[in-house]
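Chemist: Dropping the structure in here first, questions after.
Laboratory data are not the source of any read-out in this text; all were calculated from the coordinates shown. Keep in mind that this is a model prediction, so the values were computed, not measured. Using ideal geometry, Cβ is built from the backbone for each residue, glycine included, and neighbour counts are taken over all protein chains shown.
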Amino acid sequence: MRALILSSLAFIVGLVAATGCNVEQVLEQLPDGVQTSATSTAQPGDSIRLASFNIQVFGQSKIDKPDVMKVLTQVVKSFDIVAVQELRSKEQDVIPRWLEMINADGSQWASLVGPRLGRTSSTEQYVFLYNTAKIEFIEKSDFTINDPHDLLHREPYVASFRTRVNPGVQPFSFTLINIHTDPDEVDEEMDALGEVYEVVRDANPNEDDVILLGDLNTDYTHLGMLGQVPGIFATVQGTPTNTRKSKSYDNIVFDHRRTTEFAGQAGVLDLMAAFKMTEDQALEISDHLPVWATFSSVEAGGGALASAPAGTTR
């Protein structure tokens, strides 16, 4: 992995599971306010679903629980690409074992796993899981932000992808910034992420679609300097993203002026509603819920601004 050094700033998720669960079925069960009011202009098959999921202390304990993994596998396969936070395992087999479960039906999912990060002995890794039938990783595009002044507890893991489309169609290409902020230093890290976002965006003048996603440990009204980036837009606005429905910490953030491929649909996947489980059962999966957004699989190449759910646009 290559590192990116920021220039002007001195750094640079006894269980009951429903079967056959997918996003369409889930959206019908979600409470009011979870799905945005805007509708998508993309037709079925012409869009991709992007998600982020903090799987609380994901490691050997969870991978060895069949019921937990059944739900996690169904959740992931409801999307096309998923950014995962909080992989905590000293063993290297957790993600390979999970991929075997995901691909047991003949699916073709792959993964990218970042390095172990953190200031304490309890380190974490970022993960990208993606369906290779719809998404292609752009080779040698992944890197971890270099942070020599230790402004971020877990430096973001960055990777670029493109959709698989028919010949003659320009695929939607995009860069993802996977992040899990430190809850004790949220304000400082949100300010640092503003610089991270701009530097990642400016590092590749041929890529205008930069999407930051993960567990921010704060809501869309407290994005600090990240929220001051021109055009920045948070897809989750006011909806709780934790299992106890008390906090809105997870989000998918991008410049809505540039990423016109956003299809206007975004939300939070309520595991209790989707899998008909109790809060305690859902907490065995994670203390967080997946957040998601839908994008066109075809590069916009300029045009009208994406429709955005009602809320504050910065």
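Chemist: Taking the Cα-to-Cβ direction at Ser246 and at Ala110 and moving 7 Å from each Cα, how far apart do the two end points lie in nm?
Modeler: 4.2
Chemist: Kindly identify the stretch 102-217 as rounded, prolate or oblate by the Cα gyration tensor criterion: order the square roots of the eigenvalues as a ≥ b ≥ c, call it rounded if a/c is under 1.5, otherwise compare a/b with b/c, prolate if a/b is larger, else oblate.
Modeler: Values: a/c = 2.61, a/b = 1.50, b/c = 1.74.
Note, shape of the stretch 102-217 comes out oblate.
Chemist: Report the relative contact order of the stretch 139-285, percent, no decimals, based on alpha-carbon pairs under 8 angstrom and at least 6 residues apart.
Modeler: Details: 247 pairs, mean separation 25.8, N = 147.
Computed value for the stretch 139-285: 18 percent relative contact order.
Chemist: Take His222, His256, His180 and order them by how many other Cβ atoms sit within 10 Å, fewest up front.
Modeler: Numbers: His222 14, His256 19, His180 27.
Ranked by crowding around the Cβ, least crowded first: His222, His256, His180.
Chemist: Report, by chain and number, residues whose modeled amide H sits under 5 Å from the one on Val236, excluding near sequence neighbours (fewer than 5 apart, same chain).
Modeler: Hits under the 5 Å cutoff: Ile252.
Chemist: Turning to a different aspect of this structure: Quick one: Cα centre-to-centre distance for the stretch 176-201 and the stretch 43-98, in angstrom?
Modeler: 23
Chemist: Here's another thing I want to ask about it. What is the calculated FRET efficiency for Lys276 to Glu185, with r their C-beta to C-beta distance and R₀ = 41 Å, to the nearest 0.05? Walk me through the intermediate numbers first.
Modeler: On the way: r = 38 Å, r/R0 = 0.92.
Calculated transfer efficiency: 0.60.
Chemist: Over 29 Å between Cα atoms: which of Lys62/Lys140; Lys70/Lys134; Lys134/Lys245; Lys77/Lys247 fall into that group? Mind dumping the intermediate values first?
Modeler: Values: Lys62/Lys140 31 Å; Lys70/Lys134 22 Å; Lys134/Lys245 32 Å; Lys77/Lys247 25 Å.
Beyond 29 Å between Cα atoms: Lys62/Lys140; Lys134/Lys245.
Chemist: In debye to the nearest 20, how big a dipole does the stretch 90-247 give about its Cα centre with +1 on each Lys and Arg Cβ and -1 on each Asp and Glu Cβ? Display every interim value, and only then the final one.
Modeler: Details: 13 positive and 26 negative charges, 145 e Å.
Charge dipole, the stretch 90-247, about its Cα centre: 700 debye, nearest 20.
Chemist: Distance in nm between label sites at Thr123 and Lys90, each 7 Å beyond Cα in the beta-carbon direction?
Modeler: 1.2
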